[in-house]
Amino acid sequence: MEQEVRFCRASDGVRIAYGTTGEGPSLVKAANYLTNLEHDYNGLAEQHTYIRYDARGCGLSDCNVNEYSI
């Protein structure tokens, strides 16, 4: 199953990476310490649209950020 990686921008301009895999009801995995969309896979995508994201300063998201809040 192939993951599609995209980017969105937070209100302060920080670019956040997110990836989607699979089809079905959406299931969002909250980011945890040191996430990386390129290396994160889970079998939950077999019956869901599995959505993951890299937190600010981690993985494919912008690394040079002023604040690490949600």
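The values are calculated or read from the model by the stated rules, or taken from the named source; none is laboratory data. Worth saying up front: this structure is predicted, and the values here are computed from it rather than measured. When we count neighbours, we look across all protein chains shown, and the Cβ atoms used for this are built from the backbone with ideal geometry, even at glycine.
Give segment 13-43 a look and list any residue that's modelled with pLDDT under 80 and either charged (D, E, K, R) or not in a loop (DSSP other than H, G, I, E, B) (or both), or say none. So that I can check it myself, show each step before the final result.
Pass one, segment 13-43, residues modelled with pLDDT under 80: 32-43.
Once the filter is applied, which keeps residues that are modelled with pLDDT under 80 and either charged (D, E, K, R) or not in a loop (DSSP other than H, G, I, E, B) (or both), segment 13-43 yields E38, D40, G43.
Taking only pairs six or more apart or across chains, which ones have beta-carbon atoms under 6 Å, a first residue in segment 42-53 that is more than 19 Å from A17 (Cα to Cα), and a second residue that is in a strand (DSSP E or B)?
Matching pairs, first to second residue: L44/L27; L44/Y50; H48/L27.
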